[in-house]
């Protein structure tokens, strides 16, 4: 029997409310998304690893928890995890043929927390090689395409996660970000991403010591992004830099009144598409209209300054991570 395709774009908060009301089951939701994935994936190519058998067993267990009134924060919610985030016993290639046979020995802290909160990781998503690009293709997995227009990229490096969300594969996803790897695909794929402050979300060595490198949530709504962020944040034994008891972000009223916001259109001398500039300034005007102070700022960087610094930084952390 075909599943209801409208479930593909149900938000996490809507899905959880429906499961609590017993008008939707975790099994029904998962099967609808699996059907959606298999129908769309030949055109999108966002999936690096399918975990359907385990996910089905976990969905059945989640259904029992809802029936018993013991549902956890992410109970029964499908999550698309970036393949860079290791899951014990599964592939951990990070998009590179060099690591094609690599198997993760441990769970990443955020994977551990998602599963402990009842989240169901049914797919793991594609990246460029070693997650070092603002696009999403590699010799390992091929080209990941933007669901809105398959002639375009979904961005990177969390491009598989961005594409999966936009294509209705999952309501929640994980990403990581040094120079835009959550923010770029969120922008290009029309979804929501959050790069948390350093040490708010625990990371794995050696990347936990990189103050530019942060793991974070992605979703289709701000509320869903906040829901996942609260689950993955907080101190973890694996990351001595992680902070205890960070403030929660879900449930806030979302007011920006009184906040001060800096807008930098070119980040130095980067070229800027006129449509992007116009949209950005419309957002700035909207923020002013609801009480924020918005200042336009300039930076002294050049494109060469940024690229040279980024290349040196990546060379250092890549060497530490691989060796």
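The values are calculated or read from the model by the stated rules, or taken from the named source; none is laboratory data. The structure displayed is predicted, hence computed values, not measured ones. Using ideal geometry, Cβ is built from the backbone for each residue, glycine included, and neighbour counts are taken over all protein chains shown.
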In region 54-109, which residues are closer than 20 Å to residue 164 by Cα and in a strand (DSSP E or B)? 78, 79, 80, 81, 82, 91
For region 64-76, check the following and say yes or no: at least one residue is under 20 Å from residue 217 (Cα atoms), surrounded by fewer than 20 Cβ atoms within 10 Å (Cβ to Cβ) and in contact with a helix residue (DSSP H, G or I) (Cβ under 8 Å, 6 or more places away or on another chain). yes
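If you check 78, 105, which single one turns out to be in the same structural domain as residue 191 (by TED's automatic domain parsing) and more than 22 Å from residue 227 (Cβ to Cβ)? Full working, then the answer.
Numbers: 78 fails: more than 22 Å from residue 227 (Cβ to Cβ).
The conditions single out 105.
Output the residues belonging to region 15-44 that are over 18 Å from residue 167 (Cβ atoms) and in a helix (DSSP H, G or I).
If the condition is that a residue be over 18 Å from residue 167 (Cβ atoms) and in a helix (DSSP H, G or I), then 16, 17, 18, 19, 20, 26, 27, 28 are the ones that fit.
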Might you let me know whether region 285-292 holds any residue that is within 28 Å of residue 132 (Cβ to Cβ) and assigned to a loop (DSSP other than H, G, I, E, B)? no
Could you list, in sequence order, all residues of region 259-284 that are surrounded by 12 or more Cβ atoms within 10 Å (Cβ to Cβ) and either part of a strand (DSSP E or B) or in the same structural domain as residue 187 (by TED's automatic domain parsing) (or both)? 261, 263
If you go through region 190-225, how many residues are out of contact with any helix residue (DSSP H, G or I) (no Cβ under 6 Å at 6 or more places or on another chain), touching a residue at least 60 places away in the same chain (Cβ under 8 Å) and assigned to a loop (DSSP other than H, G, I, E, B)? 4
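Residue 161: outside any loop (DSSP other than H, G, I, E, B) and surrounded by 24 or more Cβ atoms within 10 Å (Cβ to Cβ), yes or no? It would help to see each step written out before you state the result.
Working: outside any loop (DSSP other than H, G, I, E, B): yes; surrounded by 24 or more Cβ atoms within 10 Å (Cβ to Cβ): yes.
Taking the combined requirement at face value, the residue satisfies it.
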Subset of region 192-224 that is closer than 17 Å to residue 154 by Cα and surrounded by fewer than 24 Cβ atoms within 10 Å (Cβ to Cβ) - its residue that is farthest from the chain's Cα centre (by Cα): 220
Looking at region 226-254, which of the residues that are without any contact (Cβ under 8 Å) to a residue 40 or more places away in the chain and over 23 Å from residue 172 (Cα atoms) is surrounded by the most Cβ atoms within 10 Å (Cβ to Cβ)? 240
Boolean, residue 295 is on the phi < 0 side of the Ramachandran plot, over 28 Å from the mean Cα position of the chain (by Cα), assigned to a strand (DSSP E or B) and loosely packed, with under 12 Cβ neighbours inside 10 Å: yes
Output for Cβ contacts, cut-off 8 Å, separation at least six or different chains, first residue under 16 Å from residue 133 (Cα atoms) and not assigned by TED's automatic domain parsing to the domain that holds residue 180 in region 310-323, second in a helix (DSSP H, G or I) and at pLDDT 75 or above, reads 317/207; 318/130
For region 116-141, name all the residues that are part of a loop (DSSP other than H, G, I, E, B), under 16 Å from residue 215 (Cβ atoms) and in contact with a strand residue (DSSP E or B) (Cβ under 8 Å, 6 or more places away or on another chain). 119, 127
Residue ID - surrounded by the fewest Cβ atoms within 10 Å (Cβ to Cβ), chosen from residues in region 1-14 that are in contact with a helix residue (DSSP H, G or I) (Cβ under 9 Å, 6 or more places away or on another chain), at pLDDT below 95 and assigned to a loop (DSSP other than H, G, I, E, B): 2
